[in-house]
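Reading through the structure tokens given below for one structure.
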Amino acid sequence: MSSMGVAVDERIKETSKLRKALIRPELGAIVGTIAVFSFFIIFAGDSGMFNAQGVLNWSTVSAQFMIIAVGACMLMIAGEFDLSVGSMIGFAGMSIALISVTLQWPVWIAILLTFALCIAVGALNGIIVVRTGLPSFIVTLAFLFILRGFTIFFPQLIERRTIIGGISERAEGDWLAPLFGGKIGGGFFNWLADMELIGVFTRGTRMGEPIVNGIPMLIVWALGLMVVAHIVLTRTQFGNWIFAAGGDAQAARYVGVPVNRVKIQMFMFTAFCACVFATCQVMEFGSAGADRGLLKEFEAIIAVVIGGALLTGGYGSVIGAALGALIFGVVQQGLFFAGVESSLFRVFLGVILLFAVILNTYIRRIITGER
Amino acid sequence: MEPYDHNPIVEMRDIEKHFGPVIALNGVSFDIRPGECHCLLGDNGAGKSTFIKTMAGVHKPTKGAIFFEGRQMSFDSPRDAMEAGIATVYQDLAMIPLMSVTRNFWMGREPIKRVGPFNFMDFKTANEVTMEEMRKMGINLRSPDQAVGTLSGGERQTVAIARAVHFGAKVLILDEPTSALGVRQTANVLSTIDKVRKTGIGIVFITHNVRHALAVGDRFTVLNRGKTLGTAQRGQITPEELQDLMAGGQEMVALEGSLGGTV
């Protein structure tokens with residue numbers, strides 16, 4: 001083939017490095033994160049929000065959002081969404097409680113069985129969506145009700161109540177439970193306390209122990225899931241298939257991308273994330289409640305959209321979604337630290353969602369040349 | 001060397017395709033040889049789409065035989081046809097606008113780089129090859145990360161064509177690549193077709209625009225109501241004759257009279 005000289009198109013403006021660095025899906029979330037932190041440093045800087053205990057407080061809440069946001073983000077990029085996440089959280093927690101407390105089976109078996117069950121439900125969601133071609137909105141809305149119904153029905157039937165406790169006692173000495181309910185870095189925090197960098201309890205049963213005695217596994221899971229999901233999405237073949245499946249399923253099929261398989265696997269991953277959330281929560285509280293996880297599916301979707309993902313699929317960023325979750329956690333806890341009425345959190349959610357979507361639509365137009 | 005001296009890469013003999021009571025194709029024969037551009041013309045509903053989908057493995061013919069490099073073949077899926085070397089560039093489904101040029105180019109066949117136990121997509125190679133292949137086709141990309149949505153319609157077709165060529169297509173089916181394009185972009189796509197043909201790839205060019213067909217075609221086959229109306233070689237047929245064949249003769253003469261010969 002003869003290679004011919006190519007004229008440079010004079011109508012294409014040189015784009016500056018700064019502009020190029022700014023124009024990315026996460027921009028809205030980065031701006032939001034900076035704004036939120038600035039706000040609370042000014043208005044709640046001396047309230048204890050930014051000492052070791054305060055940081056741990058909002059980090060834990062953010063990590064909860066982050067775990068489900070990562071799953072929702074991958075699924076949304078693959079072109080689908082899952083409204084059953086919240087119900088799945090309640091369902092998974094109750095499943096662990098019933099198996100370990102009511103049936104008196106070891107906690108590790110309860111955890112593994114619950115994961116298998118949740119992932120199977122996720123797969124079922126996915127299979128129904130790809131086989132019938134129905135919108136995932138409807139299919140997962142059905143599962144929102146089905147799972148929540150079971151979550152209330154089974155404990156009522158078996159135990160005559162909807163909150164089941166006693167999991168902490170059952171989990172003692174279990175090899176798998178600490179992976180969700182434990183803490184790491186205890187030695188490091190002891191050392192920090194010895195160096196007088198963080199405070200120690202001055203009275204009570206834990207006198208002399210550091211106020212923060214480790215990083216909860218919840219946070220480790222959140223960061224781990226975020227990093228793995230980000231790498232899979234941006235650096236691997238499978239990640240390219242996720243973008244392709246959500247961008248245009250038919251075009252992807254024409255070049256041999258197994259679109260249905262990818263979508264089903266993303267439903268399974270979302271269910272996995274919901275199950276991680278539920279297991280961490282159950283291990284932390286020592287109990288499971290039938291109302292756990294209410295509205296979580298929408299919070300996850302809002303975090304993902306703030307993070308720059310497109311509701312119709314094919315575009316988005318896991319880092320953005322994680323920042324969206326961080327904004328959530330910081331604001332929810334920050335309002336408490338700043339002494340503001342907590343119902344205003346909902347108002348804030350609505351407002352920031354609207355702003356984020358408007359900003360992201362504008363950025364995306366620049367990137368993709370849509371008009 | 002004239003293309004007619006070669007044996008056909010793909011030969012379709014007496015293809016019939018019925019969809020229930022509807023006879024979409026009623027005995028169509030067609031062949032494509034290395035290095036030629038064989039234009040398939042026909043008005044809307046003539047059966048062009050059904051015919052190329054049969055060739056691309058989307059439909060199975062009800063009757064008739066498909067020979068690939070002399071051997072009878074039966075494609076079960078588009079993937080089968082693709083692996084044999086028959087690539088199709090569909091008019092509107094060629095590219096995903098939100099994804100980068102590189103991601104589109106390699107979609108479904110991403111290059112892999114092993115790091116320890118993990119497989120990563122080799123973006124360095126992918127970007128270099130994409131830039132190089134696009135340069136060969138006469139398009140200078142600003143960056144391989146650029147979203148396909150920022151490209152013009154003609155450039156998108158070119159990315160799809162470059163992709164098919166890079167992955168070793170022997171036959172390239174182009175489904176109305178020029179129908180939605182402006183004059184300048186059409187010229188670019190036609191010149192790309194010419195470049196690809198010179199590498200020995202056989203091109204099936206589907207169009208209902210006689211002028212576009214005559215600009216690059218070596219042979220012309222006209223479909224009308226599911227039948228071939230004959231195949232002509234370049235120079236044996238005038239644009240007017242071709243137009244008449246496509247429209248089905250008499251009615252067109254009457255129409256043209258009333259429109260003053262502008263169609």
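Output the 0 to 90 degree angle, nearest 10, between the alpha-carbon long axis of helix A:259-285 and the longest principal axis computed from the alpha carbons of chain A.
Its long axis makes an angle of about 30 degrees.
Which angle from 0 to 90°, rounded to the nearest 10, does the C-alpha axis of helix A:318-337 make with the longest principal axis of chain A?
40
Given an 8 Å cut-off on Cα distances and at least 6 residues of separation, report the relative contact order of region B:94-169 as a percent. Intermediate results must be reported in sequence, preceding the final value.
Values: 78 pairs, mean separation 31.7, N = 76.
The value is 42 percent.
For chain B, with a Gaussian network of springs between Cα atoms less than 10 Å apart, report the residue from B:ASN119, B:ASN224, B:ASN104 with the top mean-square fluctuation.
B:ASN119
Could you size up the charge dipole of region A:292-371 around its Cα centre, putting +1 on the beta carbon of Lys and Arg and -1 on that of Asp and Glu, and report it in debye to the nearest 20? Can you show the working numbers first?
On the way: 6 positive and 4 negative charges, 32 e Å.
Computed charge dipole of region A:292-371: roughly 160 debye.
Count the DSSP beta bridges whose two residues both fall in the protein assembly as shown, then state the antiparallel fraction as a percent rounded to the nearest 5. Before the final figure, lay out the partial values.
On the way: 31 of 49 bridges.
Taking every DSSP beta bridge with both residues in the protein assembly as shown, the antiparallel ones total about 65 percent.
B:THR88: net charge of surrounding residues, Cβ under 14 Å, Lys/Arg +1, Asp/Glu -1, itself excluded?
On the way: positive: A:ARG253, B:LYS48, B:LYS53, B:ARG79, B:ARG163, B:LYS170; negative: B:ASP80, B:GLU83, B:ASP92, B:ASP175, B:GLU176.
Once all neighbours under 14 Å are counted, the net charge is +1.
Which whole-number percent gives the relative contact order of chain A, counting Cα pairs below 8 Å spaced six or more residues apart?
35
Taking a 27 Å limit on the Cα-Cα distance, which of the listed pairs B:LYS17/B:LYS136; A:LYS263/B:LYS113; A:LYS183/A:LYS296; B:LYS136/B:LYS170 fall beyond it?
Details: B:LYS17/B:LYS136 39 Å; A:LYS263/B:LYS113 24 Å; A:LYS183/A:LYS296 24 Å; B:LYS136/B:LYS170 18 Å.
Violating the 27 Å Cα-Cα cut-off are B:LYS17/B:LYS136.
Near the amide H of B:ASN224, under 5 Å away, which other amide H atoms are found, from residues 5 or more places off or on another chain, if H is placed in the peptide plane?
So B:ASN224 has HN proximity to B:LEU229.
What is the Cα centroid distance between region B:111-163 and region B:70-88, reported in whole angstrom?
Using only Cα atoms, the two centres lie 25 Å from each other.
Divide by every residue of chain A the summed helix terms, -39500 (n - 2.57) for each DSSP H run of at least 4, and state the resulting mean residue ellipticity at 222 nm, rounded to the nearest 500 deg cm²/dmol. Present the calculation step by step, with values, prior to reporting the outcome.
On the way: 16 runs with 250 residues, N = 371.
Rounded to the nearest 500, the figure is -22000 deg cm²/dmol.
With point charges of +1 on the Cβ of Lys and Arg and -1 on the Cβ of Asp and Glu, referenced to the Cα centre of the protein assembly as shown, which listed residue (A:CYS273, B:ALA247, A:LEU295) lies farthest in the positive direction of the dipole?
Projecting each Cα onto the dipole axis, the largest value belongs to A:CYS273.
Averaging sequence separations of C-alpha pairs under 8 Å and six or more residues apart, then dividing by the length of chain B, give the relative contact order as a whole percent. Could you put the intermediate results ahead of the total?
Details: 482 pairs, mean separation 68.5, N = 263.
Once normalised by length, the contact order is 26 percent.
Considering chain B as a Gaussian network with a 10 Å cut-off on Cα pairs, which listed residue, B:VAL22, B:VAL171, B:VAL210, attains the greatest mean-square fluctuation?
B:VAL22
Take the alpha-carbon centre of region A:52-73, take the same for region A:242-273, and report the distance between them in whole Å.
Value for the Cα centre distance between the two parts: 27 Å.
Shape of chain A from its Cα gyration tensor (a ≥ b ≥ c, root eigenvalues): rounded if a/c is under 1.5, otherwise prolate when a/b > b/c, or oblate? Kindly include the intermediate steps, with their values, before the conclusion.
On the way: a/c = 2.01, a/b = 1.28, b/c = 1.57.
Oblate, because a/c is 1.5 or more while a/b does not exceed b/c.
If I take R0 = 45 Å and measure r between the Cβ atoms of A:ALA123 and A:ILE41 in this structure, what FRET efficiency does the formula 1/(1 + (r/R0)^6) give, to the nearest 0.05?
Details: r = 45 Å, r/R0 = 0.99.
With R0 = 45 Å, the Cβ-Cβ based efficiency is 0.50.
Is the shape of the protein assembly as shown best called rounded, prolate or oblate, per the rule: a/c under 1.5 gives rounded, else a/b larger than b/c gives prolate, else oblate, with a ≥ b ≥ c the square roots of the Cα gyration tensor eigenvalues? Numbers along the way, then the final one.
Numbers: a/c = 2.82, a/b = 2.14, b/c = 1.32.
Because a/c hits 1.5 or more and a/b exceeds b/c, the protein assembly as shown counts as prolate.
When the Cα centres of region B:197-216 and region A:296-322 are compared, how far apart do they sit, in Å?
Using only Cα atoms, the two centres lie 44 Å from each other.
Starting from the Cα of A:ARG203, step 7 Å along the direction of its Cβ; do the same at B:SER29; then give the gap between the two resulting points in nm.
10.4
Any chance you could give the angle, 0 to 90 degrees and rounded to 10, that helix A:344-368 forms with the longest Cα principal axis of chain A?
Orientation of helix A:344-368: about 30 degrees from the principal axis.
In debye, nearest 20: dipole of region B:48-164 around its Cα centre with unit charges on the Cβ of K, R (+) and D, E (-)?
On the way: 16 positive and 12 negative charges, 35 e Å.
Rounded to the nearest 20 debye, it is 160 debye.
Readers should treat all values here as calculations from the given coordinates under stated rules, not as data from a laboratory. Predicted model only: the values in this text are computed from it and were never measured. Every residue, glycine among them, receives a Cβ derived from its backbone with ideal geometry; neighbour counts consider all protein chains shown.
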